[in-house]
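First up is the structure itself, then whatever we jot down about it.
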Amino acid sequence: MVVVSNLVKKYGKLLAVNDLSLEIEKGQIYGFVGANGAGKTTTMRIISGLLRATSGKVLVNGIDISKNPRAVKKMIGYMPDFFGVYSDLKVSEYMNFYSGLYGIPPRNRKKIIDDLLELVNLSDKRDAYVDSLSRGMKQRLCLARSLIHDPDLLILDEPASGLDPRARVEMKEILKELKSMGRTIIISSHILHELSEICTAIGIIDNGKMVVSGPVEEIMAKLSHSRRIKVKVLKGGVEPLVKCLQEEPEIGRITTGNDYVEADFNGNGEKLAGILKNIVIKGVPVISFTETGENLESIFMHVTRGNSQDADKSNN
Amino acid sequence: MQINPIIEKDLKTKMRGWKAPTLITFYLGFLGFLIWVFFIDNIYSAYNYFDPRLMTDVFKTIASFQFGLIVLITPVLTATAISGEKERQTLDLLLCTDYSTFKIVIGKIVVSIAHVLLLITASLPILSTVFLFGGIGIIDMLRLFAFYLVTALLIASLGMLFSTIFRRSPVSIIVTYIMVLGLLYGTLILHGLYLILYQNFTGQMPQAPLYWVLYTSPAFGFASVIGTDGGGIISVFLTGTAYGRVAAFGQISPWIINTAFSIVVSILIIIFCAWKIKPVK
Ligand SMILES: Nc1ncnc2c1ncn2[C@@H]1O[C@H](COP(=O)(O)OP(=O)(O)OP(=O)(O)O)[C@@H](O)[C@H]1O
Ligand SMILES: [Mg+2]
């Protein structure tokens with residue numbers, strides 16, 4: 001459905017997108033993850049036909065965006081990371097305006113608009129001025145707007161940014177609903193965790209380069225090859241514990257503290273229970289034995305480490 | 001064919017606020033005030049009888065003022081059209097639709113022309129009394145209004161041009177005003193300077209003066225529309241004196257050439273703007 005190959009975008013000397021390729025199939029929810037300035041927005045704007053690529057190719061449903069941008073725009077619903085609204089326009093007029101731009105005949109508009117406002121829970125705000133809506137409501141309205149021409153592909157640039165936790169949950173619910181409708185969606189975030197729940201595929205981008213990409217399970221498996229465990233021990237327990245752990249094949253990198261040991265672990269629950277049993281049998285004075293739950297964030301940090309400092313530099 | 005959504009939305013929202021009524025009120029108030037001043041000054045106090053010839057002068061003065069007001073008001077109607085969308089962060093939402101940029105530009109121009117048309121129409125009751133008493137025919141009036149609209153089109157296009165070039169609205173507004181004044185009066189001054197310098201250096205008038213410079217000026221065209229010979233202090237101020245001296249040389253009325261010029265330039269500018277704001281060309 002979407003094929004991006006060898007995409008490059010330069011701003012002067014700055015390489016914002018660097019030889020990026022990705023492929024998204026119909027019905028996929030593709031999570032696009034990266035730190036600030038990684039190049040997510042740039043890539044999404046290029047796919048949406050709002051920015052010209054320096055080189056590379058974008059095909060949407062087989063149509064080249066640089067050759068026939070208007071045909072591609074018809075198939076795409078785009079929600080920018082930052083956007084404004086016209087003052088003195090009511091919600092229904094706002095939707096009507098964009099339906100007009102997409103060439104939807106006036107007689108069909110009312111039903112489409114009603115349905116979309118229902119979807120994003122803004123039905124009771126029909127006659128409110130767009131300006132008077134809260135941030136979360138505006139965000140949802142913009143999402144409804146991006147759906148108005150029933151696009152094949154939705155491109156959502158950080159739809160949950162700037163929202164409070166409650167509004168985030170609401171947004172996520174709407175996205176889940178869209179997912180159940182079988183829509184193809186590209187959604188960006190710098191919070192990997194947020195995406196892992198709804199996405200079917202994920203691409204992690206750093207400094208304009210795709211670092212890893214693939215189906216969610218695959219990425220998770222690839223990235224979280226090591227869970228991390230933390231074992232607290234009584235005084236003098238650190239050394240024998242390390243010795244113990246080093247004998248276990250499932251244990252990887254070990255780090256030690258004053259009264260604890262942390263280690264990467266690669267295996268299932270039974271193995272983990274086995275390890276605990278072993279170290280207790282060997283007389284290590286264990287106080288606690290926990291998984292530190294190395295979560296997606298730290299994986300993300302791990303993957304993008306090293307380069308992110310450069311990215312910060314070029315940002316400032 | 002459905003109506004251009006830009007036109008539909010802008011007409012609705014701009015009329016809804018307090019701005020449009022305020023603009024019209026001030027506009028009419030000002031014109032009304034002028035007419036009152038000239039009735040008192042020219043018609044009754046000096047002669048105590050009704051002189052149609054004086055009414056023609058009043059007509060010219062009022063028409064000049066209306067021309068001046070349109071010239072001053074039109075730039076703000078479009079000079080923020082695109083830069084304002086950028087500042088408001090709504091431009092991407094326009095451009096991500098498959099609506100053509102040409103129609104976006106046209107829509108915004110039409111809305112600004114509609115504003116000018118509204119001002120002209122609203123002033124019709126006030127002006128027609130003066131015009132008709134002054135022996136000004138319907139055709140003359142229509143020609144005058146058509147010239148207003150064409151001039152408004154040119155100025156609106158210039159505003160649109162700078163609003164696509166400059167990121168910031170204040171810059172665009174200022175540059176538009178400078179360009180408009182330059183085109184209207186800079187051309188006249190330029191031509192005057194040319195004549196003076198030529199005379200200074202050669203001791204005679206130029207064989208082939210730079211008339212084409214004059215013909216690009218809507219102020220010059222306007223002078224020929226109202227048929228001024230440069231009389232009346234205000235007419236001189238607003239339209240320049242060059243017309244009186246030069247008109248004799250033209251075969252075709254300057255306002256016709258100027259109208260054609262304005263329309264052609266406007267079309268070129270509109271096409272350029274549509275091309276310029278298209279993100280992927
Ligand atoms: N118009 C522009 N002119 C110059 N540089 C730009 C422009 N837009 C983006 N950049 C640069 O391109 C790089 C990528 O920016 P981009 O906005 O795509 O990042 P992002 O991944 O969306 O970041 P964020 O998470 O902050 O939204 C950054 O270094 C940014 O400074
Ligand atoms: Mg971004």
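The values are calculated or read from the model by the stated rules, or taken from the named source; none is laboratory data. Bear in mind that the values here come from a model prediction, so they are computed numbers and not experimental data. Using ideal geometry, Cβ is built from the backbone for each residue, glycine included, and neighbour counts are taken over all protein chains shown.
Looking across segment A:130-142, the residues that are buried (at least 16 other Cβ atoms within 10 Å of the Cβ) and either in contact with a strand residue (DSSP E or B) (Cβ under 6 Å, 6 or more places away or on another chain) or of a type in the set (D, E, K, R) (or both) come down to A:LYS138, A:ARG140, A:CYS142. Across segment A:40-67, which residue is farthest from ligand 2 (Cβ to nearest atom) among those that are away from chain B (no Cβ under 12 Å) and basic (Lys, Arg)? Selected residue: A:LYS57.
Applying the condition of being surrounded by fewer than 16 Cβ atoms within 10 Å (Cβ to Cβ) and away from ligand 2 (no atom under 16 Å from the Cβ) to segment A:153-165 and asking which residue is farthest from the other protein chains (Cβ to nearest Cβ) yields A:PRO165. Among the residues in segment A:230-242, are any modelled with pLDDT of 85 or more, farther than 13 Å from A:VAL284 by Cβ and crowded, with 16+ Cβ neighbours inside 10 Å? Checked segment A:230-242: at least one residue is modelled with pLDDT of 85 or more, farther than 13 Å from A:VAL284 by Cβ and crowded, with 16+ Cβ neighbours inside 10 Å. Would you call A:MET137 modelled with pLDDT under 90 and away from ligand 2 (no atom under 16 Å from the Cβ)? So A:MET137 does not fit the description; no. Exactly one residue out of A:SER213, A:SER146, A:SER180, A:SER188 is under 30 Å from A:SER92 (Cα atoms) and within 16 Å of ligand 1 (Cβ to nearest atom), and it is A:SER188.
Applying the condition of being under 20 Å from A:LYS74 (Cα atoms) and of a type in the set (D, E, K, R) to segment A:24-59 and asking which residue is farthest from ligand 1 (Cβ to nearest atom) yields A:LYS26.
Scanning segment A:176-186 for residues that are within 16 Å of ligand 2 (Cβ to nearest atom), within 10 Å of the chain's Cα centre (by Cα) and either modelled with pLDDT of 95 or more or within 14 Å of chain B (Cβ to nearest Cβ) (or both) turns up at least one hit. Can you pull out every residue in segment A:57-67 that is under 23 Å from the mean Cα position of the chain (by Cα) and in a strand (DSSP E or B)? Within segment A:57-67, A:LYS57, A:VAL58, A:LEU59, A:VAL60 meet the criteria. If you filter segment A:22-39 down to residues that are touching a Lys or Arg at 6+ places or on another chain (Cβ under 7 Å) and within 10 Å of ligand 2 (Cβ to nearest atom), you find that the one that is nearest to the other protein chains (Cβ to nearest Cβ) is A:PHE32.
Among the residues of segment A:151-173, those identified as closer than 22 Å to A:GLU25 by Cβ and more than 13 Å from the chain's Cα centre (by Cα) are A:PRO151, A:ASP152, A:LEU153, A:LEU154.
Residues that are in contact with a strand residue (DSSP E or B) (Cβ under 8 Å, 6 or more places away or on another chain) and within 16 Å of A:SER161 (Cβ to Cβ) within segment A:192-202 comprise A:LEU192, A:LEU195, A:ILE198, listed in sequence order.
Of the residues screened, A:TYR98 is one that is assigned to a helix (DSSP H, G or I) and more than 16 Å from ligand 2 (Cβ to nearest atom).
The set of residues from segment A:143-165 being part of a loop (DSSP other than H, G, I, E, B) and in contact with a strand residue (DSSP E or B) (Cβ under 9 Å, 6 or more places away or on another chain) comprises A:LEU147, A:ILE148, A:HIS149, A:ASP150, A:PRO151, A:ASP152, A:GLU158, A:PRO159, A:ALA160, A:SER161. Scanning segment A:166-207 for residues that are among the β-branched types (Val, Ile, Thr) and either surrounded by fewer than 21 Cβ atoms within 10 Å (Cβ to Cβ) or part of a loop (DSSP other than H, G, I, E, B) (or both) yields a count of 5.
Looking for something over 27 Å from A:LYS138 (Cβ atoms), assigned to a strand (DSSP E or B) and within 16 Å of ligand 1 (Cβ to nearest atom) - is there at least one such residue anywhere in segment A:68-80? Within segment A:68-80 (the criterion being over 27 Å from A:LYS138 (Cβ atoms), assigned to a strand (DSSP E or B) and within 16 Å of ligand 1 (Cβ to nearest atom)), the answer is no, since none of the residues qualifies. Within segment A:80-91, being more than 9 Å from chain B (Cβ to nearest Cβ) and either more than 15 Å from B:ASP92 (Cβ to Cβ) or away from ligand 2 (no atom under 12 Å from the Cβ) (or both) holds for A:LYS90, A:VAL91. So is B:LEU118 under 30 Å from A:VAL85 (Cβ atoms) and crowded, with 18+ Cβ neighbours inside 10 Å or not? Criteria not met by B:LEU118.
To keep it simple, each residue is scored yes or no on (1) surrounded by 12 or more Cβ atoms within 10 Å (Cβ to Cβ); (2) modelled with pLDDT of 80 or more; (3) in the same structural domain as A:LYS10 (by TED's automatic domain parsing).
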residue: A:ARG253; (1), (2), (3): no, yes, no
residue: A:ASN266; (1), (2), (3): yes, no, no
residue: A:GLY269; (1), (2), (3): no, no, no
residue: A:GLY283; (1), (2), (3): no, yes, no
residue: A:GLU297; (1), (2), (3): yes, no, no
residue: A:PHE300; (1), (2), (3): yes, no, no
residue: A:GLY306; (1), (2), (3): no, no, no
residue: A:LYS313; (1), (2), (3): no, no, no
residue: A:ASN316; (1), (2), (3): no, no, no
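Return a yes/no flag: does segment A:210-219 have any residue that is without any contact (Cβ under 8 Å) to a residue 40 or more places away in the chain, surrounded by fewer than 18 Cβ atoms within 10 Å (Cβ to Cβ) and more than 23 Å from A:ASN268 (Cβ to Cβ). Within segment A:210-219 (the criterion being without any contact (Cβ under 8 Å) to a residue 40 or more places away in the chain, surrounded by fewer than 18 Cβ atoms within 10 Å (Cβ to Cβ) and more than 23 Å from A:ASN268 (Cβ to Cβ)), the answer is no, since none of the residues qualifies. Within segment B:89-98, identify whether any single residue is surrounded by fewer than 18 Cβ atoms within 10 Å (Cβ to Cβ), in contact (Cβ under 8 Å) with a residue 12 or more places away in the chain and either within 22 Å of A:TYR98 (Cβ to Cβ) or away from chain A (no Cβ under 14 Å) (or both), and answer yes or no. Within segment B:89-98, none of the residues are surrounded by fewer than 18 Cβ atoms within 10 Å (Cβ to Cβ), in contact (Cβ under 8 Å) with a residue 12 or more places away in the chain and either within 22 Å of A:TYR98 (Cβ to Cβ) or away from chain A (no Cβ under 14 Å) (or both). In the condition set (1) surrounded by 21 or more Cβ atoms within 10 Å (Cβ to Cβ); (2) away from chain A (no Cβ under 14 Å); (3) more than 12 Å from the chain's Cα centre (by Cα), B:MET141 is compliant with all but (1). Checking each residue in segment B:3-38 for being among the small types (Gly, Ala, Ser) and either at pLDDT 85 or above or not in a helix (DSSP H, G or I) (or both) picks out B:GLY17, B:GLY29. When A:ARG140 is tested against (1) under 30 Å from A:VAL4 (Cα atoms); (2) in a loop (DSSP other than H, G, I, E, B); (3) more than 13 Å from chain B (Cβ to nearest Cβ), only condition (2) is not met.
Just checking, does segment A:10-20 include any residue being buried (at least 22 other Cβ atoms within 10 Å of the Cβ) and either away from ligand 1 (no atom under 16 Å from the Cβ) or within 12 Å of chain B (Cβ to nearest Cβ) (or both)? Checking segment A:10-20: not a single residue is buried (at least 22 other Cβ atoms within 10 Å of the Cβ) and either away from ligand 1 (no atom under 16 Å from the Cβ) or within 12 Å of chain B (Cβ to nearest Cβ) (or both).
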